[in-house]
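Structure, as structure tokens:
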Amino acid sequence: MEGIENEHREIGPPSSPVPYVPSFDLDIWRELSATVSVRDYEPGDESAWLRCHVLSFLDTAYFDAVERTKPRITAPGFELVAIARADGVVGMLDLAVKDATATIETLAVHPDHRSQGIARKLLEEAGDRALRLGAETIEAWTRDDPGALKWYRDNGFSESDHYLHVYADLYVDVQEPDRAIGERRPGLKPVKVFLHATIKEESSLREQFARVHVCRRFSKRLTP
């Protein structure tokens, strides 16, 4: 998902879910270019960015990735927004840049504006800027939403590393948190626990926990 407090930081950067964007003809692309523009994020965009962020994630594996303030990307990274003429912020892409690698921290499109090429437009602008900053590769981490996985593959990304996100939730199964932590601290009762695990543990963990996601790295070489 997703430009958020990086819950993937121990293993790799995250990416927010990206809706599948089907192929479209030149006339549609020209219409998009006339009605949606991409520019740098500005402080005045924060409220609209947060609303778009929540709605974009609501029907994805990142449905609970809710922010109250926009996480910032430090230079040389940058933050982009897609602006629709009538609706304001309808998409976003935050990109962190370190040495030769550019990492998508957030990429999302408002559900009312999906399948219009907005995510691709954001990606193209981000790739051009990242090249100028000296990046050679652009990468993202995302969970197991079929539309997001197809979008990355259709846009030239290759899948490589995998690990697991595991949620233990007392309200799903009263025994899940205790299975996750092994031993309670006196006076504290675990209710929800978020964990990382290796991919080789997937079968075992799916038997013990209702919510398990495969987190995948997608990457591609940047070309002028």
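The values are calculated or read from the model by the stated rules, or taken from the named source; none is laboratory data. Just so it is clear, the structure is predicted and the values come from calculations on it, not from any experiment. Note: ideal-geometry Cβ built from the backbone for every residue, glycine included; neighbour counts use all protein chains shown. These accessible areas exclude ligands, DNA and RNA; they are computed on the full protein's heavy atoms, side chains included. Shrake-Rupley method; radii C 1.70, N 1.55, O 1.52, S 1.80 Å.
Residues that are at pLDDT 55 or above and acidic (Asp, Glu) within the range 27-43 comprise Glu31, Asp40, Glu42, listed in sequence order. Of all the residues in the range 158-182, those that are open to solvent by 30 Å² or more (accessible area, probe 1.4 Å) and within 14 Å of Asp144 (Cα to Cα) number 4.
For the range 92-122: of the residues being in a helix (DSSP H, G or I) and open to solvent by 10 Å² or more (accessible area, probe 1.4 Å), which is farthest from Thr35 (Cα to Cα)? I'd like the intermediate steps shown before the answer.
In the first step, residues of the range 92-122 are kept if they are in a helix (DSSP H, G or I); the result is 111-113, 118-122.
With the extra rule that they be open to solvent by 10 Å² or more (accessible area, probe 1.4 Å), the set shrinks to 111-113, 120-121.
Details: Pro111: 17, Asp112: 14, His113: 12, Arg120: 15, Lys121: 12 Å.
So, considering only residues that are in a helix (DSSP H, G or I) and open to solvent by 10 Å² or more (accessible area, probe 1.4 Å), the one farthest from Thr35 (Cα to Cα) is Pro111.
Give the residues of the range 191-210 that are surrounded by 15 or more Cβ atoms within 10 Å (Cβ to Cβ) and farther than 30 Å from Ala100 by Cβ, sorted by residue number. Reasoning before the result, please.
To start, the set of residues in the range 191-210 that are surrounded by 15 or more Cβ atoms within 10 Å (Cβ to Cβ) comprises 193, 197, 202, 205, 208-209.
Answer for the range 191-210, where residues must be surrounded by 15 or more Cβ atoms within 10 Å (Cβ to Cβ) and farther than 30 Å from Ala100 by Cβ: Val193, Glu202, Leu205, Gln208, Phe209.
The residues of the range 32-47 that are open to solvent by 30 Å² or more (accessible area, probe 1.4 Å), outside any strand (DSSP E or B) and of a type in the set (A, V, I, L, M) amount to a single one, Ala34. In the range 132-154, the residues that are modelled with pLDDT under 95 reach residues that are surrounded by fewer than 16 Cβ atoms within 10 Å (Cβ to Cβ) with C-beta atoms within less than 8 angstrom, at least six apart or across chains, in these pairs: Asp144/Val214.
Scan the range 49-91 for residues that are among the β-branched types (Val, Ile, Thr) and open to solvent by 10 Å² or more (accessible area, probe 1.4 Å) and jot them down.
Taking the range 49-91 first, the residues among the β-branched types (Val, Ile, Thr) are 54, 60, 66, 69, 73-74, 81, 83, 89-90.
Result: Val54, Thr60, Val66, Thr69, Ile73, Thr74, Ile83, Val89.
Selection of the range 123-157 for residues being of a type in the set (Val, Ile, Thr) and either within 21 Å of Phe209 (Cβ to Cβ) or open to solvent by 50 Å² or more (accessible area, probe 1.4 Å) (or both) yields only Thr142. List, please: which pairs have Cβ atoms under 6 Å, are six or more places apart or on different chains, and start with a residue in the range 160-184 that is closer than 16 Å to Asp64 by Cα and end with one that is open to solvent by 30 Å² or more (accessible area, probe 1.4 Å) and not hydrophobic (A, V, I, L, M, F, W, C)? The qualifying pairs are Tyr167/Arg211; Asp169/Lys192. Within the range 160-194, being acidic (Asp, Glu) and within 17 Å of Glu207 (Cβ to Cβ) holds for Asp169, Asp173, Glu176, Asp178.
Tell me the residue from Arg216, Arg185, Arg206, Arg211 that is more than 17 Å from the chain's Cα centre (by Cα), among the charged types (D, E, K, R) and under 30 Å from Leu93 (Cβ atoms), please. Talk me through it step by step, then tell me what you get.
On the way: Arg216 fails: more than 17 Å from the chain's Cα centre (by Cα); Arg185 fails: under 30 Å from Leu93 (Cβ atoms); Arg206 fails: under 30 Å from Leu93 (Cβ atoms).
Result of the check over Arg216, Arg185, Arg206, Arg211: Arg211.
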